[in-house]
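Bear in mind that the values in this text are calculations on the coordinates, not laboratory data. Small disclaimer: the values here were computed from a predicted structure and weren't measured. Every residue, glycine among them, receives a Cβ derived from its backbone with ideal geometry; neighbour counts consider all protein chains shown.
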Amino acid sequence: MSSHREAPSISKDPVADNTDLYAFVDPVDSSKVTILSNFIPLEEPAGGPNFFEFGDDVLYEIMIDNNGDGVENVTYQFRFKTTVENPNTFLYNTGPITSLTSPSWNVRQTYSIWKVLGPRRTGERTLIASDLASPPVNIGPRSTPGYAALADAAVHSLSGARKVFAGQRDEGFFVDLGSIFDLGGLRPFNPAHLIPLPAMPGKDDTKGYNVHTIALQVPKTDLTAGGYAGTDSADPRSSIGIWSSASRQKALVRSGIGHGASNPEVQAGPWVQVSRLGNPLINEVIIPLGKKDYWNSTHPKDDAQFASYYTNPELQHLIALLYGAAFPSLSAFVSPSPGASPVAPRVDLAAILLTGIPLGLIPALGPFNNFTGPVQADYLRLNVGFPPVGASPFGLLGGDFAGFPNGRRVFDDTVAIELRAVAGATLPLVAPLLGISFTADPAAGVVDDGVTANEAPYLTSFPYLAHPHSGYEHGHD
Amino acid sequence: MEEETKVSRRSFLKKSAAGAVAAGALAAAPSLLLVAERTAGGVVDGVTTPLVAYVKDAAKGEVVIMVGTREVTRKDPGLVARLAAMAG
């Protein structure tokens, strides 16, 4: 998936598993940026009696680099606190939850937010909100009637017309996971696979599942260098880098018999990052298995060490191997002769994913740019100077400057975009710079997993991801 | 960072080092974990939140001490020797 269970260690720690990150100029108020960071993959909505919730022992963070050095200048930190009103029942709720103050709601979460200016562990740290209510999970018509109103009440306004929400949402990412990880299967292209099967539509394997989202909407000026208003896309200050992470304290000592409020686990020591996320699908399909846990622990400023996986991705070899007949140009590029290395490094992918695209470097892209500087760092790059006017799910590949890889919107089809880019669709843009000739295969412009949209409509306003599926009424097919 | 204890870093280090004794032969000493809690009065006087001390490398006499969100590593073979002796 995007970054769900993508590394061995984090696949065993779902509460801290950062699954998707979105960042875009808000389409309702274009003076603001909305950032959504998702955690806890594939939540089965019927998750009782202990429904999904954020981890009280996890530090959730969203970082912004606004000067291109790969180090955060602004960080938002979120800590959660769970309260059990009545421990003498097994019930999450003892009656209908009709409001965020309903006495029937037994297991609640609240959270606090800090803003850090400068490096996140040593910078100036300020508490900006505390004891904000998360909504209950969506249980069913008896327990959580009128769920939309309950969730809407948990959209909190902060000073300066900023907004925040932290709670359960529909899993907005869409992908044919079952086919992709069955030896790179793409159902619509099944007949062209090395092991052919009949062509068929893609299946959305995240359909019917939920996730937990931290959503933040703040003025552009909160994020840009020097509080720049971000009105000119050509101004370098308009391009910012955004990533998110989850961390746990270094030491954990289990309390053994008698664990509970009077005998809690002991946690101590500095925060250790166990999950991070910038661009979608990177730790999923770019970073090799032996380095996935390590990648999760590292910082974007050090991502040059992973650059070779971007410039010669295993995925381009797999596409050529599995679908060679449909990708003759790519096949010749990745293996010009038996055993030979690719003709050239994929600097197109490195630019898209590690530095951003400089203004004027690629004439075919016109005024588009989201270059943050030469430091290679994996994060979403958002040029806030481009207005949120487009709606192509293929983002920049669809001629839409407001979509991935310029930030990422909830409806961007990042599986198709990255598949097409790796398959060679973006290589011609930089071929002249490499001194090579490359014409993309026609298939590179259409290759897809066959899942083109989420099963649930997105909301048209903050927090954009749809309300979660209820446990009482849900399905995965 | 949050969850700072009431103990300053200086006093914390000072208290952690207290009681150090001469170094012994430690190469064979096992790694040890020590958890001191507020209720274990007198273990580490003045520390008001749980403290975890971990013998990372007995041969080098290194002890890692974590409290709140802080961590310090001290080279104190004497302390390691005492911990090893306590662990039996």
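Beyond 32 Å in Cα-Cα separation lie the following of the pairs A:K12/A:K220; A:K220/A:K301; A:K250/A:K301; A:K291/B:K56: A:K12/A:K220. Here the Karplus curve 6.51 cos²θ - 1.76 cosθ + 1.60, taken at θ = phi - 60°, turns the phi angles of the range A:197-203 into couplings of 9, x, 5, 7, x, x, 10 Hz, with x standing for Gly and Pro.
So if the hydrodynamic radius of chain A is defined as the Kirkwood radius over C-alpha pairs, what does Stokes-Einstein give as its diffusion coefficient at 37 °C and 0.692 mPa s, in µm² per second? If you can, show how the numbers build up before the last one.
Values: Rh = 23.1 Å.
Taking Rh from Cα pairs, D becomes 142 µm²/s.
Over all directions, the projected convex hull of the C-alpha atoms in the range A:309-445 averages 8.1 nm² in area. A straight line joining the Cα centroids of the range A:87-126 and the range A:147-225 runs 23 Å. The modelled label-to-label distance for the pair A:T89/A:D29, using points 7 Å beyond Cα in the direction of Cβ, is 3.8 nm. Net length available on complete extension from A:N312 to A:L289 is 6.7 nm, with 0.36 nm assigned per residue and the Cα-Cα distance removed. Based on C-alpha pairs under 8 angstrom that are at least 6 apart in sequence, chain A has a relative contact order of 21 percent. If we count every other residue with Cβ under 12 angstrom of A:D449's Cβ, Lys/Arg +1 and Asp/Glu -1, where does the sum land? Combined, the nearby Lys, Arg, Asp and Glu give -4. As a length-normalised measure over Cα pairs under 8 Å and 6 or more apart, the relative contact order of the range A:359-406 settles at 26 percent.
Computed per residue of the protein assembly as shown from DSSP H runs no shorter than four, each worth -39500 (n - 2.57), the mean residue ellipticity at 222 nm is -3500 deg cm²/dmol.
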